[in-house]
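Read through the structure below, which is laid out as structure tokens, and then see the notes.
The values are calculated or read from the model by the stated rules, or taken from the named source; none is laboratory data. Bear in mind the structure is a predicted one, so any value in this text is a computation, not a measurement. Counting neighbours? That spans all protein chains shown, and the Cβs are built from the backbone with ideal geometry, glycine included.
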Amino acid sequence: MSEDPKHVMADTLTEVLEGMAFIFAESPEEEELATNETEFIHATIEFRGPVSGMLGLAVPSSLCTELTAGVLGEDPGEMTSPANLCDTLGELLNVTCGNFTTALCGDQPVFDQSIPRVAKIDQSAWNKLRDHPETVGFLVDGAPLLAYLTIHKQRG
Amino acid sequence: MAYNVLVVDDSRVIRAVIKKTLGLAEVPINELYEAQNGKEALSILREKHVDLVFSDIHMPEMSGVEMIEQMAADGVLKDIPVIVVSSEGSQTRMGELMEIGARAYVRKPFTPELIRDVVKNTMEKANE
């Protein structure tokens with residue numbers, strides 16, 4: 001493992017968003033991570049293997065509608081089920097986690113991934129995540145997306 | 001020949017994506033069944049005629065691994081090919097899954113071309 005895990009996570013997430021949702025993520029200016037939205041979706045997943053830790057993603061609900069439409073190849077106006085929105089973010093995180101652990105440690109080690117946990121959060125929780133030093137911000141279709149990585153343990 | 005396909009994944013979005021991708025890949029489908037976990041899948045497999053299964057690994061109630069193991073131990077279900085669809089990229093894990101009875105492995109994210117090729121190869125081998 002020679003690369004900075006945070007960079008690997010950011011690159012992997014960008015590739016997954018392109019490959020699954022056909023949406024491109026850019027690096028934002030700091031002020032672009034501020035939003036007037038009041039409802040957000042937050043997903044976390046844990047992984048255990050040669051490196052163990054947790055990945056998290058948070059987006060405004062409106063962006064989750066765009067992501068779901070992108071993944072399903074449908075019109076955002078036709079996206080109605082809130083359950084699908086949570087499902088999409090959890091699955092994007094799940095795929096990011098699987099691809100991240102391989103990018104970080106190669107294709108031999110086996111990692112155990114948890115099932116993603118997804119919940120709605122309010123603006124104060126969003127602000128706390130946004131201001132955390134480990135959080136990486138992206139701009140996706142003009143909306144902010146937050147990602148973070150916590151490494152608990154590294155074997156060897 | 002059109003296939004009866006069972007898609008097993010706890011994510012309804014991924015089930016929809018696989019369904020859509022099979023269409024884009026022009027895989028001929030007769031019936032498409034869906035299950036949220038291995039337990040539901042086994043129940044469908046015992047009731048319906050299924051030619052091919054797409055399955056995730058990590059699911060609540062019963063994982064894809066346990067489902068494949070139970071299928072391999074069942075005289076009727078052991079010949080139904082299972083294609084594992086997962087985000088994991090470990091060759092070791094893929095080898096373990098093939099050993100217990102999976103026929104192929106597709107890594108997410110996937111393309112219609114990949115799905116088309118994997119289905120073609122898997123069904124050709126199953127019909128040998």
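For the reader, a short list of remarks on this structure follows.
- Among the conditions (1) among the charged types (D, E, K, R); (2) touching a helix residue (DSSP H, G or I) at 6+ places or on another chain (Cβ under 9 Å); (3) touching a residue at least 60 places away in the same chain (Cβ under 8 Å), A:Glu78 misses just one, which is (3).
- Just one of the numbered conditions (1) under 15 Å from B:Lys108 (Cβ atoms); (2) surrounded by fewer than 21 Cβ atoms within 10 Å (Cβ to Cβ); (3) free of Cβ contacts under 8 Å to residues at least 40 places away in the same chain is not true of A:Ser124: (1).
- Residues that are part of a helix (DSSP H, G or I) and within 9 Å of chain B (Cβ to nearest Cβ) were ranked within region A:71-84; the one that is modelled with the lowest pLDDT is A:Ala83.
- When the test is whether a residue is more than 11 Å from chain B (Cβ to nearest Cβ), within 18 Å of the chain's Cα centre (by Cα) and either of a type in the set (Lys, Arg) or closer than 24 Å to B:Leu24 by Cα (or both), A:Glu32 does not pass it.
- Among residues of region A:96-124, those that are within 13 Å of the chain's Cα centre (by Cα) and either closer than 29 Å to B:Gln91 by Cβ or in a helix (DSSP H, G or I) (or both), counted: 7
- Verdict on A:Asp87 being among the acidic types (Asp, Glu) and at the interface with chain B (Cβ under 9 Å from one of its Cβ atoms): yes
- Filter result for A:Ile41 (closer than 16 Å to A:Thr12 by Cα and either within 11 Å of chain B (Cβ to nearest Cβ) or part of a strand (DSSP E or B) (or both)): no
- Test: residue in region A:82-105 that is in contact with a helix residue (DSSP H, G or I) (Cβ under 6 Å, 6 or more places away or on another chain) and of a type in the set (D, E, K, R): yes
- Selection status of A:Phe47, farther than 20 Å from A:Glu18 by Cβ, touching a residue at least 60 places away in the same chain (Cβ under 8 Å) and surrounded by 16 or more Cβ atoms within 10 Å (Cβ to Cβ): yes
- Single match in A:Leu129, A:Leu63, A:Leu139, A:Leu93 (criterion: assigned to a strand (DSSP E or B), touching a strand residue (DSSP E or B) at 6+ places or on another chain (Cβ under 6 Å) and either within 17 Å of A:Leu33 (Cβ to Cβ) or within 14 Å of another protein chain (Cβ to nearest Cβ) (or both)): A:Leu139
- Note on region B:109-128: residues that are in contact (Cβ under 8 Å) with a residue 24 or more places away in the chain, touching a Gly at 6+ places or on another chain (Cβ under 9 Å) and either buried (at least 17 other Cβ atoms within 10 Å of the Cβ) or farther than 20 Å from B:Asp56 by Cβ (or both) total 1.
- Counting only helices (runs of 4 or more DSSP H) that fall entirely inside region B:1-98 and contain at least 3 residues that are touching a residue at least 60 places away in the same chain (Cβ under 8 Å), within 13 Å of chain A (Cβ to nearest Cβ) and buried (at least 16 other Cβ atoms within 10 Å of the Cβ), the qualifying elements are B:12-24.
- Residues of region A:127-156 that are surrounded by 14 or more Cβ atoms within 10 Å (Cβ to Cβ) and of a type in the set (D, E, K, R): A:Arg130, A:Asp141.
- For the condition within 12 Å of chain B (Cβ to nearest Cβ) and either under 17 Å from B:Ser86 (Cβ atoms) or surrounded by fewer than 18 Cβ atoms within 10 Å (Cβ to Cβ) (or both), A:Asp107 qualifies.
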